[in-house]
Amino acid sequence: MPSTQKPMRYGHTEGHTDVCFDDTGSCIVTGGSDGDIRIWENLDDDDPKSINVGEKSYSFALKNGRLVSAISNNTVQIHTFPEGAPDGILTRFTTNANHVVFNTDGTKIAAGSSDFMVKIVEVTDCSQQKSFRGHDAPVLSLSFDPKGAFLASASCDGSVRVWKISDQMCETSWPLLQKCNDVVNAKSICRLAWQPKSGKLLAVPVDKVVKLYRRNTWENQCDLSDNFITQTLNVVIWSPCGQYLAAGSVDGCIAVWNVDTRQCMERIKHERSYTICGLAWHPKYGQIAYTDTEGNLGLIENVCDKDGKKLSAKVPSTVTKEYNDLFDGDDNDFLNGDLTELQSSPKVTANEEDDDDDLMLASGRPRHRGAILEDDENSLDTALMKVNSNLEGDEDDQADGLSVLPGSSTQRPFYDGPMPTPQQKPFQSGSTPVHLTHRFMVWNSIGIIRCYNDEQDNAVDVEFHDTSIHHATHLPNSLNHTMADLSSEAILLASESTEELASKLHCIHFSSWDSSKEWTVDMPKDEDIEAICLGQGWAACATSALLTRVFTIGGVQKEIFSLPGPVVSMAGHGEQLMVIYHRGTGFDGDQCLGVQLMELGKRKKQVLHGEPLPLARKSYLMWVGFSAEGTPCYVDSKGIVRMLNRGLGNTWVPVCDTREYCKGKSDHYWVVGIHENPQQLRCIPCKGARFPPTLPRPAVAILSFKLPYCQITTEKGQMEEQFWRSAVFHNHLDYLSKHGYEYDENAKNQAAKEQQELLMKLFALSCKLEREFRCMELAGLMTQNVVNLAVKYASRSRKLILAQRLSELAVEKATELAAAEEEEEEEEDFRSHLNASYSHSATEWSQPRVRTLQHDQEVEDSEEADAAEEMEEMTAVQRHRSNPSKSVGMPEVSTPKSEAVIASSSQGRVNPFKVTANKKDPTVPPGNVLDTMSKASKKTPASTSRAGNKQESPVLKPLIPKPKSKQALAASFFQSRTPRTGDKTMEEREEKAEKAVPETPAAATETTENKRPKTGFQMWLEENRGSILEDAPDLEETEIIKEGMSRFRMLTSEERMGWTEQAKGGTADSNSTEVKKRKRPLGASDERGESQEEKSKEDLSLPRKRKPLDQSANVKLSAFAFKQS
């Protein structure tokens, strides 16, 4: 198996960094120029123990529980390990020491200094010292002979010397290195090394080769080199068996040779080509830890020889695990993939076979399985380290027994399939690990809760981002709370059970108006709380009994429901509760999680019913919660942020990859909050760790969102990503509107405008690329107004076939829009009458709506339009149909001062919801052709819509039957203009329109204010209620009204107008009034026609010159397009 290089991680500040394993190989120890010695349980340990030995550390050595370090005050100090307690000063120099090493048994240390001196000191008695003088420059490195007879040293004077320790004399010297005056100027620090155990060879890195010198004769036996090495070698290290030699260069190359065959077995390149300044070989396995001059730590695994044999002996039965043993009671002890690691454990040569045979019994099962998952899929090396540390004492017991093992024929069959992944442990989002003495219990958009648990204090501090919610609070933590959540109403805490006490849920309801603000609930026996969350008016906890318990914020127990699997985490927002749990066993490093999303309001329902939660491969859940606007989100350990897309069937869409913002592979972002408007991902950058320390206070960074669309560097890809990101991040507005919450309508209009602008830009880009089919696809996403603009752009671009197809699409959209508006208008009419004439029942019509008070009043008054207005509108509609070239605009007011820009309707009649008055000078061109885009979809008070037609009471007109089909009317909007006919023709059409519908008397104006007249439908329903009940006697009141509405629509237009006439109770006075309103001079009619034609031109919202009306069709069509300015 080839070696594998794990991603490097940040360990220390920039500068020389040393590395070694402890005696058992259970941890990695690094020392940096920052003066800290750090103890890493594995490469992914985000909370290494740190021992500060001084202001700056130049070198350190570790042996037998003693840590020796050379620091900046020119001393060599000793500390206990792993406690880190100072244990005195071993020796001093006049300048700083550059390198310290232990001898084989750990009784002596050697130190070389920049004052040219080398000293050997007894660890137990620092008065026993030996000094070695002879170098003419600072000493670079030292190495003890394994047999204790010699000491080798390298110096900036260019020489490598071998000293005989007994008489403190130089045994031999070789001028191998380039001379320099200081360590910082040396091309190589020349970390030389003796062959372990025998000490037969001394390896010296010289330029691009490793020179091997034979003991006693001091002859150069051979050189190890490879074409892979192109720069000076800096450091060498032997494998514990002495068969292999590794070397690292100043450009980040690491090579491993078989010393016997002189063959290069492994070639590894540093991911950033930094100088390798530290190498350490695991005492048991084929792992090499290395450090660079930037303070980073890396690990190489599975270092092997040409036959694929590992550096530690293993019996054949260790390759796989018995199938029956996979799912026993101890299966949680397996690391993610640790069996693969055990399978590839190293071998040694024949004379070293006895060292590690104790790892397996004759049955092929490991003696110990002591590696526990620390919530990370990359913790393989820890498993191996800990297994070995547990077995170290048993070497002699088992070595003999394994040497006489029978062949593989005696072995039982093994399981060789995918390995199960240990299940992720429960966690609270926004919290740091529980074992820390100072930790965050939660950090969210409301505030921060910190926990301090040390010898001096055991307390909880609560801090609010907005102090107007509540002041900061300091709470004692006598119950050892380990979980917390925070909302704008309460603080929720939970503790695990002990032998004496049950698991407790403790709530501090600080927003309560009474004096009793705290309550506590004890869980049943043997039931532990594993996750908690807060919502609006409720709290919830998930327990080890696979139950979710819901409480009111005041402490009343509410619903209890079971979970399909062990909980992982949960989150709340408003009425929404989201629970993540294990829905099964994952394999090959993947977690198998499910998600439930439910609403706990008045209408309780489940939105997500345990669907699988998508995660990146070999990742686990890191954070789960809601955006500030209430959209569910979560983050996995690969840094992918996903959000629920309610617009696509409640699917999960990736909206950000935080790894793209990380500078190093060991850097991470710790998420604390998500906002959709503005689009912000709030998180804390963590260098070399997955979570931040409590002190100093971390700074919050803001990252932008980016959907992973293809070809994001192109203009098309960027606009597509922006469009769909805008669509995803504004789905919450529809959700808020649907559920009766307040929301910013301006933000919704702005989002719609932004999306339509992006579609228009994509349309223009596709036109330039001659992608007309793509243009039609884009037009399908546009609104009717923007399709009209696309028609103009296409005709201007001489793409007449595309323009024709777009015109047909615009007709379809106009028809759909008209139908939707008609249904909405009818629903508004009947709902207002239902509220006025019948008792309020718990039906869908009487549900509260988000609407202004003024709009409600206008809807209630919508039926108070008099018959005169109806007849006037009917006349105008007939006039529109007789001259379709004028139907782009609405019937305009005849006075030139009120320049109302009104979007067209396919019915040719007033649309009370689609009007804004534009009182600006019509000759001033608008700033943007899409500036008025949102007017088509925005509902405005009906008083504004009436301003262009009548200055009297602001009421909505009832529906008027139209004999012509919607499709024909919509098509009339897009027909080319024809020259106007004479005044006589207009007069004849007016007369026909007046004869088409009988005159209807108008209601008196004073009755519209004092009493509410019945509509024609109500009168019809009163008379026909009996017949409806005969057909279906079980109908409720609401269903009777719906059935009556459908039957009333089936009547002819004349019959419906007759019922309306009866309802109005007309008088002669109103008839005369209607006649007066309809009568107008011929000149006024002509003037109205001209005004309408001018308005229809202005509705194009484009700055252009006036054109004569008798143009050809093509010239007129091209005149609609954009200016090519």
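The values are calculated or read from the model by the stated rules, or taken from the named source; none is laboratory data. Since the model is a prediction, treat every value here as computed from it, not as a measurement. Virtual Cβ from ideal backbone geometry, glycine too; neighbours counted across all protein chains shown. Protein only, heavy atoms only, side chains kept; ligands, DNA and RNA dropped before computing areas. Shrake-Rupley method; radii C 1.70, N 1.55, O 1.52, S 1.80 Å.
Residue 694 meets each of the listed conditions (1) open to solvent by 70 Å² or more (accessible area, probe 1.4 Å); (2) touching a strand residue (DSSP E or B) at 6+ places or on another chain (Cβ under 8 Å); (3) of a type in the set (Ser, Thr, Tyr) apart from (1). With respect to being over 24 Å from residue 21 (Cα atoms) and of a type in the set (Lys, Arg), residue 214 fits the description. Scanning region 173-199 for residues that are among the charged types (D, E, K, R) and open to solvent by 30 Å² or more (accessible area, probe 1.4 Å) turns up 179, 182, 187, 197.
For region 609-625, the condition of being surrounded by fewer than 21 Cβ atoms within 10 Å (Cβ to Cβ), under 18 Å from residue 703 (Cβ atoms) and within 15 Å of the chain's Cα centre (by Cα) holds for at least one residue. In the condition set (1) over 28 Å from residue 419 (Cα atoms); (2) open to solvent by less than 10 Å² (accessible area, probe 1.4 Å); (3) not hydroxyl-bearing (Ser, Thr, Tyr), residue 606 is compliant with all but (2). Applying the criterion of being touching a residue at least 40 places away in the same chain (Cβ under 8 Å) and open to solvent by 20 Å² or more (accessible area, probe 1.4 Å) to the residues of region 649-659, the residue that is nearest to residue 707 (Cα to Cα) is 654.
Scanning region 144-193 for residues that are aliphatic (A, V, I, L, M), assigned to a loop (DSSP other than H, G, I, E, B) and either modelled with pLDDT of 95 or more or under 25 Å from residue 275 (Cβ atoms) (or both) turns up 176, 177, 186, 189, 192.
Listed by first and then second residue, the pairs linking a residue in region 124-153 that is aromatic (Phe, Trp, Tyr) to a residue that is buried (at least 17 other Cβ atoms within 10 Å of the Cβ) and not in a strand (DSSP E or B), with Cβ atoms under 6 Å apart and 6 or more places separating them unless they lie on different chains, are 144/103. Of all residues in region 263-290, those satisfying the criterion of being of a type in the set (Phe, Trp, Tyr) and crowded, with 21+ Cβ neighbours inside 10 Å are 281, 285, 290. In this structure, residue 136 does satisfy being of a type in the set (D, E, K, R), in a loop (DSSP other than H, G, I, E, B) and under 18 Å from residue 114 (Cα atoms). Checking each residue in region 690-712 for being over 22 Å from residue 725 (Cβ atoms) and of a type in the set (S, T, N, Q) picks out only 694. Pairing residues of region 422-449 that are more than 17 Å from residue 566 (Cβ to Cβ) and touching a residue at least 12 places away in the same chain (Cβ under 8 Å) with residues that are small (Gly, Ala, Ser) and surrounded by fewer than 21 Cβ atoms within 10 Å (Cβ to Cβ), at Cβ distances under 7 Å and at least 6 apart in sequence or on separate chains, gives 445/628; 446/488.
Residue-level analysis places residue 782 among those that are part of a loop (DSSP other than H, G, I, E, B), buried (at least 17 other Cβ atoms within 10 Å of the Cβ) and out of contact with any His (no Cβ under 8 Å at 6 or more places or on another chain).
Taking the residues in region 200-247 that are among the basic types (Lys, Arg) and either touching a helix residue (DSSP H, G or I) at 6+ places or on another chain (Cβ under 6 Å) or closer than 17 Å to residue 158 by Cα (or both) as candidates, determine which candidate is most open to solvent (accessible area, probe 1.4 Å).
208
Would you confirm whether or not region 42-51 contains a residue that is touching an Asp or Glu at 6+ places or on another chain (Cβ under 8 Å), farther than 29 Å from residue 439 by Cβ and open to solvent by 20 Å² or more (accessible area, probe 1.4 Å)? So far as region 42-51 goes, no, none of its residues is touching an Asp or Glu at 6+ places or on another chain (Cβ under 8 Å), farther than 29 Å from residue 439 by Cβ and open to solvent by 20 Å² or more (accessible area, probe 1.4 Å). Being at negative phi, among the aliphatic types (A, V, I, L, M) and touching a Phe, Trp or Tyr at 6+ places or on another chain (Cβ under 9 Å) is a property that residue 751 has.
Taking residue 596, is it assigned to a strand (DSSP E or B), free of Cβ contacts under 8 Å to residues at least 40 places away in the same chain and buried (at least 17 other Cβ atoms within 10 Å of the Cβ)? Talk me through it step by step, then tell me what you get.
Details: assigned to a strand (DSSP E or B): yes; free of Cβ contacts under 8 Å to residues at least 40 places away in the same chain: yes; buried (at least 17 other Cβ atoms within 10 Å of the Cβ): yes.
In short, yes.
Only a single criterion out of (1) acidic (Asp, Glu); (2) open to solvent by 30 Å² or more (accessible area, probe 1.4 Å); (3) free of Cβ contacts under 8 Å to residues at least 60 places away in the same chain is not satisfied by residue 157, namely (2). Within region 449-481, being open to solvent by less than 50 Å² (accessible area, probe 1.4 Å) and in contact with an Asp or Glu (Cβ under 6 Å, 6 or more places away or on another chain) holds for one residue alone: 450. For region 70-105, taking the residues that are of a type in the set (Gly, Ala, Ser) and within 11 Å of residue 54 (Cα to Cα), the one that is surrounded by the most Cβ atoms within 10 Å (Cβ to Cβ) is identified as 70.
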